[in-house]
Amino acid sequence: MAWFRRTKRPREVSERQRSIVPEGLWVKCQGCREIIYSKELERNVQICPKCGYHFRIDVQARIDLLLDSGSRVELFEGVRPSDPLKFKDTKSYKARLKDYQKRTASLDAVVVVEGTVEEVEVVLAVIDYRFMGGSMGSVVGEKITRAAERALESARSLVVVSASGGARMQEGVLSLMQMAKISAALARLSEARLPYISILTDPTTGGVTASFAMLGDLNIAEPGALIGFAGPRVIQQTIREELPEGFQRSEFLLEHGFLDLVVERTQLKATVARCLRHLS
Ligand SMILES: [Zn+2]
């Protein structure tokens, strides 16, 4: 029964701690353990100036990073989650949703905006990891599908920034069918020869990796991001083999042909713009 028990691994930072954007005057870097002045971190788009560790950033910061200022219009704001399965674990799904909506001030885990990246017109979807681990339920599925359809109608490029634990288990099969729905919309975009760039940030896992996050004409990741389907512990216990160093991190995946580029956050906007100009 030992493997049922959760053992504490003190050297690893918990998901909860890491999911929070650093606050306070001084922040300890999770990459090099150095203490960094938070203003310096802010100036450096939340990248450690000493070791280059990329802290997670929230949706607004991501939009500010990628889109030209003054060019944005939010789309499909009113799409809200429902609970057709009346799901309940230790807490009802309905109560959980309410809790996250209050904490994040958004209805669900994705924001879609129309805007420009260095004057290239795009539809941009950004997944909010703070909202239930960026899990893909019917709202995330619906809004990303609509984003793809909007790109198709208006002949714009599509950019999706992922940060997700995968499918939203509280929505069961309704969550899983989003994978097929989004993939079909992306296929239509591809037939129209409109570019789609997928940006994978820390962490991108589960059903999101298994669908739209890996379907970009270009799949671009930030350095050091955890990207995979099942977690490393599950894989290790299944295949009973020691996993190689850096397994499921961006650089390892690039080396093994799963990604097209690993781009530092400071270069992301310019890279996306250059790629989009080239692809269209
Ligand atoms: Zn550092």
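Of the residues LEU200, LEU226, which is open to solvent by less than 70 Å² (accessible area, probe 1.4 Å), touching a residue at least 40 places away in the same chain (Cβ under 8 Å) and either touching a Pro at 6+ places or on another chain (Cβ under 9 Å) or within 25 Å of SER135 (Cα to Cα) (or both)?
Answer to the check: LEU200.
Can you spot a residue in the stretch 180-200 that is under 30 Å from LYS91 (Cβ atoms) and of a type in the set (Gly, Ala, Ser)?
yes
Given the conditions (1) surrounded by 18 or more Cβ atoms within 10 Å (Cβ to Cβ); (2) free of Cβ contacts under 8 Å to residues at least 60 places away in the same chain; (3) closer than 21 Å to ARG146 by Cβ, and given that ALA192 satisfies all but one, which numbered condition is not satisfied?
So the condition that ALA192 fails would be (1).
Within the stretch 50-96, which residues are without any contact (Cβ under 8 Å) to a residue 24 or more places away in the chain, open to solvent by 80 Å² or more (accessible area, probe 1.4 Å) and either under 15 Å from ARG168 (Cα atoms) or of a type in the set (Phe, Trp, Tyr) (or both)?
Hits for the stretch 50-96 are LYS86, LYS88, LYS94.
Of these, LEU259, LEU268, which one is part of a loop (DSSP other than H, G, I, E, B) and either open to solvent by less than 10 Å² (accessible area, probe 1.4 Å) or closer than 30 Å to ALA155 by Cβ (or both)?
Of LEU259, LEU268, the one residue that is part of a loop (DSSP other than H, G, I, E, B) and either open to solvent by less than 10 Å² (accessible area, probe 1.4 Å) or closer than 30 Å to ALA155 by Cβ (or both) is LEU259.
The values are calculated or read from the model by the stated rules, or taken from the named source; none is laboratory data. Since we're looking at a predicted model, the values are computed, not measured. Virtual Cβ from ideal backbone geometry, glycine too; neighbours counted across all protein chains shown. Note: areas computed on protein heavy atoms with side chains; ligands, DNA, RNA excluded. Shrake-Rupley method; radii C 1.70, N 1.55, O 1.52, S 1.80 Å.
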